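See below for the structure under consideration.
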Amino acid sequence: MATIFSKIAAGEIPSWKVAEDENYYAFLDINPLAEGHTLVIPKKEVDYIFDLDDDTYLGLTAFAKKVAVALKKAIPCKRIGVAVLGMEVPHTHIHLVPLQSERDLDFTKEKKQLSPERFKEIAEAIAANIE
Ligand code: AMP
């Protein structure tokens, strides 16, 4: 059965898309740690990032870099933090989180509540900066 993230990449479940190519897809996390918190996935369904074949792994990190550069331009922050957890969704994903401090990468803290309009605005701002 397809994972929820495969359904998102296929457009069967809505998402706030930030970037896409043939093999990778990036979209806003629905429970963000900070405005602009983005998930980057390979379209290939593999649960654990270190089970990816080398080409997909390297392509994913290059794609995530492109998204992170755009994210930093769109959202004022000191750096983009990177995390891989996969405790909830068994489909490889990289979290990109705009950081003001190291506390912004604490996954146990309360998540931000954003309106659909704000999610849309943020996704469009990031997408506009993708090169
Ligand atoms: P983890 O697997 O531990 O890395 O966590 C999964 C992440 O996916 C969490 O941060 C969730 O908020 C996020 N998430 C789960 N479902 C969706 C969805 N439909 N759209 C966007 N983000 C999601």
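Bear in mind that the values in this text are calculations on the coordinates, not laboratory data. Since the model is a prediction, treat every value here as computed from it, not as a measurement. Cβ: placed from backbone, ideal geometry, glycine included. Neighbour counts: every protein chain shown.
Brief remarks follow.
- Reported to the nearest whole Å, the Cα centre-to-centre distance from segment 1-44 to segment 112-131 is 13.
- Global geometry of the chain, whether rounded, prolate or oblate, following the gyration tensor of its Cα atoms and the 1.5 cut on a/c: rounded
- Candidates Leu60, Leu114, Leu105: whichever shows maximal mean-square fluctuation once the chain is modelled as a Gaussian network with Cα springs under 10 Å: Leu114
- Rounded if a/c under 1.5, otherwise prolate or oblate - segment 1-67, Cα gyration tensor axes: oblate
- Of Lys17/Lys44; Lys65/Lys112; Lys17/Lys120, those spanning more than 19 Å from alpha-carbon to alpha-carbon: Lys65/Lys112
- Cα-based shape type of segment 63-131, given that a ≥ b ≥ c are square roots of the gyration tensor eigenvalues and the cut on a/c is 1.5: rounded
- Distance in nm between pseudo-label sites at Ala62 and Ser101 (7 Å out along the Cβ direction from Cα): 3.8
- For segment 79-95, putting each phi into the Karplus relation 6.51 cos²θ - 1.76 cosθ + 1.60 with θ = phi - 60° gives couplings of 8, 9, x, 10, 8, 10, 10, x, 6, 10, 10, x, 8, 2, 8, 9, 7 Hz, in residue order, rounded to whole numbers and with x for Gly and Pro.
- Comparing Ile41, Ile13, Ile75 in a Gaussian network model of the chain, where Cα atoms under 10 Å apart are tied by springs, the biggest mean-square fluctuation is seen for Ile13.
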